[in-house]
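What follows is a single structure, and I will ask about it in a moment.
The values are calculated or read from the model by the stated rules, or taken from the named source; none is laboratory data. What you are looking at is a predicted structure, and each value in this text was computed from that prediction instead of being measured. Every residue, glycine as well, gets a Cβ built from its backbone with ideal geometry; the counts of neighbours run over all protein chains shown. Protein only, heavy atoms only, side chains kept; ligands, DNA and RNA dropped before computing areas. Shrake-Rupley method; radii C 1.70, N 1.55, O 1.52, S 1.80 Å.
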Amino acid sequence: MKKGVVIWFTGYPNSGKSTISRKVNQRLKAAGYPVERIDSDEAPRSLTKDLSPDWRTRQFQKCANLTFISHILYKHRIIVLLSSVGRFRELRESARQQVGDFLEVYLKCPLEIRLERDHDHGKYERHAATIHYYEEPEAPELIIETDRCSADEAADAVIRLLHEGGYIQSEV
């Protein structure tokens, strides 16, 4: 690969970020591409949680940490699949400015479907005061309505985006 890229999978909780990024990751790895997947739900708490008593400050610190790590990997020509809500548009735009080769993939999903997907996790109940706060992207490179397609079809769309952008040689 001549250059890396950071793909930020964004959207409300339970919109499909982890599931779709896992599928894209598997396909790219199987095709031999250098790829790393970073999921804010799976990252060490020291990077993403309890950084400040203030919720807004924590969101900014979490995204700054994830962007920093993504940028390091990007500089080494790695495809970075970053799955994180990224609640504030400003944070995602800051990442775009820092990284350069940046693709924002907005996973759009109605609340009733997200709530159905949440039955095992309880995120919407545990974080009722903040979970609904999210600033939708103004001009993402790709919008996927995850209630209207399968995870495999969504992964196909991301792979096409990478291919059309010249980040991968062929669709995998």
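Counting C-alpha atoms alone, how compact is region 38-172: give Rg to one decimal and Dmax as a whole number, in angstrom.
Cα only, region 38-172: 15.7, 46 Å (Rg, Dmax).
While we're looking at this one, here's another question. Between residue 119 and residue 96, what FRET efficiency follows from the Cβ-Cβ distance if R0 is 25 Å, with the result rounded to 0.05?
Computed FRET efficiency for residue 119 and residue 96: 0.15.
Suppose all protein chains stay in the model; what accessible area per residue would a 1.4 Å probe give for the chain, in Å²?
Result: 51 Å² of accessible area for each residue.
Hey, if you put +1 on the Cβ of every Lys and Arg and -1 on every Asp and Glu Cβ in the chain, which of 151, 57, 72 ends up farthest toward the positive end of that dipole?
Toward the positive end, the furthest listed residue is 72.
Further question on the same structure: If we restrict to alpha carbons, what Rg and Dmax does region 105-172 come to, in Å?
15.0, 44
Let me spell out the model: positive unit charges on the Cβ of Lys and Arg, negative unit charges on the Cβ of Asp and Glu, origin at the Cα centre of the chain. What dipole size does that give, in debye rounded to 20?
640 debye
Using only protein heavy atoms and a 1.4 Å probe, report how much of residue 152 is accessible, in Å² to the nearest 10.
90 Å²
Please give the FRET efficiency for residue 69 paired with residue 41, using the beta carbon to beta carbon distance and R0 = 22 Å, rounded to the nearest 0.05.
0.90
To the nearest Å, what is the center-to-center distance of region 97-115 and region 141-166, using C-alpha atoms only?
Cα centroid to Cα centroid, the span is 11 Å.
Measure off 7 Å from each Cα along the Cα-to-Cβ vector at residue 163 and residue 148, then give the distance between these two points in nanometres to one decimal.
2.2 nm
How large is the helix-only mean residue ellipticity at 222 nm for the chain, computed as the sum of -39500 (n - 2.57) over DSSP H runs with n ≥ 4, divided by its residue count, in deg cm²/dmol to the nearest 500?
-13000 deg cm²/dmol
Next question. So if R0 is 22 Å, what FRET efficiency would residue 57 and residue 136 give, r being the distance between their Cβ atoms, rounded to the nearest 0.05?
0.50
For residue 3, give me every one of the lysines with a C-alpha distance below 18 angstrom, ignoring sequence neighbours fewer than eight places off in its own chain.
Partners within reach: 29, 75.
A follow-up question, please. Filter the chymotrypsin sites (Phe, Trp or Tyr not before Pro) in region 68-172 down to the DSSP loop ones having no more than 14 other Cβ atoms within 10 Å, then list what survives.
Those that pass, being in a loop and sparsely packed, are 133.
Let me ask something else about it. Just name one of 19, 131, 91: the one whose Cα is farthest towards the positive end of the charge dipole of the chain (beta-carbon charges, Lys/Arg +1, Asp/Glu -1).
91
Related question: What does DSSP give for the chain in terms of the percent of beta bridges that are antiparallel, rounded to the nearest 5? Walk me through the numbers before you get to the answer.
On the way: 0 of 19 bridges.
In the chain, DSSP labels about 0 percent of beta bridges as antiparallel.
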